């Protein structure tokens, strides 16, 4: 069943310029209700040299932030006004206040969350909030790169496979976007011999085949820390239009020390990635 409620996270006006056309394209494709969510920017650091800013500076920054939220709201209204699908825009009442709570609460009813991919210019706060959304919202999150041109999506899906709950959810969540008779590649990328339960992939392939999809099982050797690179390379090689992966399947300590596929794809993927947790 295709998604009928899409939630779009907009962190800045610059991001809204390129992300809104993609979101409108997807809302039209699925005839979905589109909810725009703007958590606002953070105004005050908690400590440090700026903690002693006077009221004039704080007021000026607060006004600037409010104007940006208004600009994002206007862009959202302009982009959705003439469309056939229903839409609404929501934002926090005060800049930077309860942004994580605001996002998580407003995402609970979404069939799918849309967000922009991080890059070198993305603030640490935005990266942290997006990671928390993926970890905590309980909803699949489709992350779109700025370079993506709205077009084919779900005609050829590459599923990153491991014998985990997260990867299983990603595989099934991807079905909501997979078109009739879509090609689905199920890829295990890791050190040779790492995967002890490849038979379960056969079960997944058979289940997808019963739904009418063209399924291929793939195996690629990938040294520790290179699984993300391999996923992107195989997606290009196979002509996939999106990747679906389980997200943050390890502890945060593991993510920090070893390096996670999730972090790599959030910052480096050149095509849409569906994250499931």
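Which of 219, 131 has the fewest other C-beta atoms within 10 Å, and how do the rest follow up to the most?
Listed from fewest to most nearby Cβ atoms, that is 219, 131.
Could you please rank 38, 118, placing first whichever residue has the fewest other Cβ atoms within 10 Å of its Cβ?
118, 38
To the nearest Å, what is the center-to-center distance of region 141-161 and region 1-33, using C-alpha atoms only?
Taking the Cα centre of region 1-33 as reference, the centre of region 141-161 is 13 Å away.
In µm²/s, what is D for region 61-122 at 20 °C and 1.002 mPa s, where D = kT/(6 pi eta Rh) by Stokes-Einstein and Rh is the Kirkwood radius from Cα pairs?
Using the Kirkwood radius from Cα pairs, D works out to 155 µm²/s.
Each value in this text was obtained by applying a stated rule to the coordinates, not by laboratory testing. Values in this document were obtained by computation on a predicted structure and should not be read as measured data. When we count neighbours, we look across all protein chains shown, and the Cβ atoms used for this are built from the backbone with ideal geometry, even at glycine.
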